[in-house]
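Notes to accompany the following structure.
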Amino acid sequence: MKRSFRTATVFAGVAALGTALAPAAHAATTAPGTMTRITPGITGGDCSKTGHGIGVLVLYYPGTHGPGCFSGTGIYRLGAPTRFKSYCADHLKGHMWIGHKAYGFTEGVHPLYSQLVSQVSISTYTSHSTICLD
């Protein structure tokens, strides 16, 4: 009686562990260098294609590459960490992930000193207006 109860307990534990880990096994992967939208409320991409206006976060690349624009609320993961020299947030607050750590950003124009940004989270609109230029 004890042996069958112990065996049943072990099998139940293994089944529970497999069920808990199953969602991680089906997680989507992203190819390096691509941008992936994580939360439906946020959009992002090249500013020349998406444009920018009120309520936008503009990330400026070093060199001559055009800026990247993000708007809405939610999380936007860049496929691979990307270097940005500065950012401009118009009516927005949120976080940028630099080196696996979230750093808050606020409205206005601020330097990033060519840090590698891996994802952007926009959480709130503010009443402060900043003109973000290309």
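The values are calculated or read from the model by the stated rules, or taken from the named source; none is laboratory data. Only a predicted model underlies this, so the values are computations on that prediction, with no experimental measurement involved. Because the Cβ atoms are built from the backbone with ideal geometry, glycine has one as well, and the counts that use them run over all protein chains shown.
Within the range 55-67, the set of residues being more than 17 Å from TYR113 (Cβ to Cβ) and part of a strand (DSSP E or B) comprises VAL56, LEU57. Here GLY45 passes the criteria (1) at negative phi; (2) surrounded by fewer than 17 Cβ atoms within 10 Å (Cβ to Cβ) except the one numbered (1).
Conditions (1) in a strand (DSSP E or B); (2) hydroxyl-bearing (Ser, Thr, Tyr); (3) in contact with a strand residue (DSSP E or B) (Cβ under 8 Å, 6 or more places away or on another chain); (4) within 10 Å of CYS132 (Cβ to Cβ), marked per residue:
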{"residue": "SER48", "(1), (2), (3), (4)": "no, yes, no, no"}
{"residue": "ILE75", "(1), (2), (3), (4)": "yes, no, yes, no"}
{"residue": "GLY79", "(1), (2), (3), (4)": "yes, no, yes, no"}
{"residue": "PHE84", "(1), (2), (3), (4)": "yes, no, yes, no"}
{"residue": "LYS93", "(1), (2), (3), (4)": "yes, no, yes, no"}
{"residue": "VAL109", "(1), (2), (3), (4)": "yes, no, yes, yes"}
{"residue": "GLN115", "(1), (2), (3), (4)": "yes, no, yes, no"}
{"residue": "SER118", "(1), (2), (3), (4)": "yes, yes, yes, no"}
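A Cβ distance below 7 Å, combined with a sequence gap of six or more or placement on separate chains, defines the contacts here; from the range 86-107, residues that are touching a residue at least 60 places away in the same chain (Cβ under 8 Å) reach no residue that is buried (at least 18 other Cβ atoms within 10 Å of the Cβ).
For the structure I just gave you, tell me whether THR39 is at pLDDT below 85 and either surrounded by fewer than 19 Cβ atoms within 10 Å (Cβ to Cβ) or assigned to a strand (DSSP E or B) (or both). In short, yes.
Of all the numbered requirements in (1) over 20 Å from THR130 (Cβ atoms); (2) modelled with pLDDT under 85; (3) under 18 Å from the mean Cα position of the chain (by Cα); (4) surrounded by fewer than 17 Cβ atoms within 10 Å (Cβ to Cβ), THR64 misses one, and that requirement is (3).
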